[in-house]
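Report on one structure; see the data block that follows.
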Protein chains: 2
Amino acid sequence: MTQSRRSQTRRGPDPERYHEIVGAAAEIFRQKGYSATSIQDIADAVGILKGSLYHYVRSKEDFLYTIIKDATEAALREIQTVARMEAGAVHRLVAFVHAHVRFATGHLTAYSIRLREMRRLSPDRRGKIRADGEAYNKVMQDILVQGQEQGVFDAGMDVELMTTILLGQLNAVTRWYREGGPYTPEQLADVFAGTVLSAVVSDRGLGGEGIEELRRRVLTISAGKAAART
Amino acid sequence: MTQSRRSQTRRGPDPERYHEIVGAAAEIFRQKGYSATSIQDIADAVGILKGSLYHYVRSKEDFLYTIIKDATEAALREIQTVARMEAGAVHRLVAFVHAHVRFATGHLTAYSIRLREMRRLSPDRRGKIRADGEAYNKVMQDILVQGQEQGVFDAGMDVELMTTILLGQLNAVTRWYREGGPYTPEQLADVFAGTVLSAVVSDRGLGGEGIEELRRRVLTISAGKAAART
């Protein structure tokens with residue numbers, strides 16, 4: 001079925017075009033901030049009449065919700081592969097950090113908006129997003145508890161507080177990461193895996209295999225920084 | 001000289017009143033975001049005519065600049081006491097974390113605005129703030145280099161990258177800290193000192209005195225969480 005046939009046979013908005021408009025809206029939200037962006041700005045960016053945007057959305061907030069919802073759901077899908085991973089806590093935590101950094105740097109615009117503009121959503125919509133966010137955090141919490149049970153992570157740590165602190169550290173990457181910078185996302189993820197693991201590891205865990213392997217990788221990255229991208 | 005005498009003898013705006021208005025502006029910026037706040041909102045909050053605000057500032061951005069400049073300068077003053085501290089790198093890094101967390105949680109509104117709304121300033125003003133910000137970061141970088149020279153911090157770490165990561169972790173506290181929460185700022189600073197130190201410490205540093213003391217403190221905090229505020 002061709003594009004023109006399709007537009008004759010159905011009335012709804014074109015999903016591909018919608019996707020494109022949402023992408024443009026995200027770029028503007030990230031640059032100007034959500035509050036300072038008008039529907040007119042979005043219309044201008046995609047070369048469409050303002051009135052035509054209302055075929056796709058009822059309000060500016062609809063764009064924000066779509067962007068944040070899609071990013072949150074996609075991140076949760078990625079992290080669920082880590083949740084299902086059958087391995088020790090050290091390896092699963094490293095995998096978590098890698099999945100998280102890969103997603104945050106690979107979806108920088110949408111993920112930054114999710115972090116910064118959440119509170120501009122209506123309480124109702126924020127609640128829906130928050131449920132997914134909690135499921136996401138729960139994956140890290142479960143890994144920390146697993147590590148405590150295995151004796152490789154500090155038994156005394158407050159798992160909830162530590163999850164908040166460590167995710168805060170990982171999310172801050174969205175404040176300074178730029179494509180083409182001195183480190184690749186994979187290299188950054190290795191450095192982060194080091195800082196995250198060292199924060200939670202117990203004396204017994206310190207001697208473990210995963211830690212030693214990671215330490216070697218991080219040292220290699222630091223040493224090879226100059227050569228990494230030249 | 002009484003307040004009324006003073007207002008008769010000088011024409012300029014009252015500094016105390018200005019301070020009060022800036023505080024009100026900061027509260028609104030934090031709640032609504034800078035872009036969504038109007039001069040009218042600020043006037044309403046302090047019960048003043050919009051026109052009268054122009055005795056104090058020329059634009060909304062003047063408020064933002066005052067808030068961010070004051071917070072940045074005050075933070076830098078605090079951290080310079082750590083910069084001047086004559087002690088080993090482990091103790092100075094712990095002192096840095098404490099000073100940082102104390103400041104961020106003690107000036108939550110202004111410091112959050114500094115982190116989130118910096119880019120709303122004109123390039124010129126942003127440049128001035130950035131210079132102070134770099135002096136601030138330099139204090140941590142110097143401590144990390146000191147620790148490398150002493151052999152207590154990882155010789156292979158990229159000091160600039162690690163500073164960015166660790167300050168990102170510490171600054172994220174502004175996203176979730178609330179007064180009256182389960183932990184006091186001092187307790188949080190101890191937990192953060194643990195995650196920060198463990199991220200940079202070398203094998204040799206691990207056996208050191210400062211680390212052992214810190215570990216005991218962090219464990220005590222976690223164990224005593226329930227009792228801490230009851």
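The values are calculated or read from the model by the stated rules, or taken from the named source; none is laboratory data. Computed from a predicted model, the values in this text were never measured in an experiment. Counting neighbours? That spans all protein chains shown, and the Cβs are built from the backbone with ideal geometry, glycine included. Ligands, DNA and RNA are excluded from the accessible area calculation, which covers all protein heavy atoms including side chains. Shrake-Rupley method; radii C 1.70, N 1.55, O 1.52, S 1.80 Å.
For a Förster distance of 35 Å, can you work out the FRET efficiency between the beta-carbons of residue A:135 and residue B:137, rounded to the nearest 0.05? Efficiency at R0 = 35 Å is approximately 0.50. Computed over every Cα-Cα pair of region A:86-198 and binned at 10 Å starting from 0, the pair-distance distribution P(r) comes out as 13, 42, 32, 13, 0 percent. Candidates A:46, A:36, A:23 compared by Cα position along the dipole of region A:15-58: farthest toward the positive end lies A:36, with charges placed on Cβ.
Rounded to 0.05, the FRET efficiency of the residue A:55 and residue B:40 pair, given R0 = 45 Å and the Cβ-Cβ distance, is 0.85.
Residues whose amide H falls under 5 Å from that of residue B:153, counting only those 5 or more places apart or on a different chain, are B:148, B:202, with hydrogens built in the peptide plane.
In this structure, the pairs whose alpha-carbon distance is over 26 Å, taken from A:32/B:128; A:128/B:60; A:69/B:128, are A:128/B:60; A:69/B:128. Taking the label point 7 Å along Cα→Cβ, residue B:17 and its counterparts in the other copies are spaced 5.6 nm apart, in ascending order. Would you jot down the residues in region A:148-162 that end up with at least 10 Å² less accessible area in the complete protein assembly than in the chain alone, with a 1.4 Å probe? Going by heavy-atom accessible area, the residues of region A:148-162 that drop by at least 10 Å² are A:154, A:156, A:158, A:161, A:162. Projecting 7 Å from Cα along the Cα-to-Cβ direction, the label point of residue B:123 sits 4.4 nm from its equivalents in the other copies, listed shortest first.
Extension gain for residue A:77 to residue A:145 (0.36 nm times residue separation, less C-alpha to C-alpha distance): 22.4 nm.
Annotation: peptides B:97-104, A:119-126, B:31-38, ranked by per-residue average of other Cβ atoms within 10 Å with the highest first, follow the order B:97-104, B:31-38, A:119-126. Take the alpha carbon atoms of region B:93-163, find their center, do the same for region A:95-116, and report the distance between the two centers in whole angstrom. Using only Cα atoms, the two centres lie 23 Å from each other. Selection among A:140, A:171, A:151 by position relative to the dipole of region A:105-171 gives A:171 as farthest towards the positive end (Cβ unit charges, Cα centre).
For region A:15-58, the pair-distance distribution built from all alpha carbon pairs, in bins 5 Å wide starting at 0, is 5, 25, 36, 24, 9, 1 percent. The residues of region B:15-58 have, on average, 54 Å² of accessible surface per residue, using a 1.4 Å probe with all protein chains present. Summing charges over all other residues whose Cβ lies under 9 Å from the Cβ of residue B:112, with Lys and Arg as +1 and Asp and Glu as -1, gives +3.
Buried accessible area for the B:A pair, summed, 1.4 Å probe, in Å² rounded to 100?
Chain pair B/A: roughly 2900 Å² of buried accessible area.
3J(HN,Hα) along region A:187-196: 5, 4, 4, 5, 5, 4, 4, x, 5, 5 Hz, from the Karplus curve 6.51 cos²θ - 1.76 cosθ + 1.60 with θ = phi - 60°, whole Hz, x for Gly and Pro.
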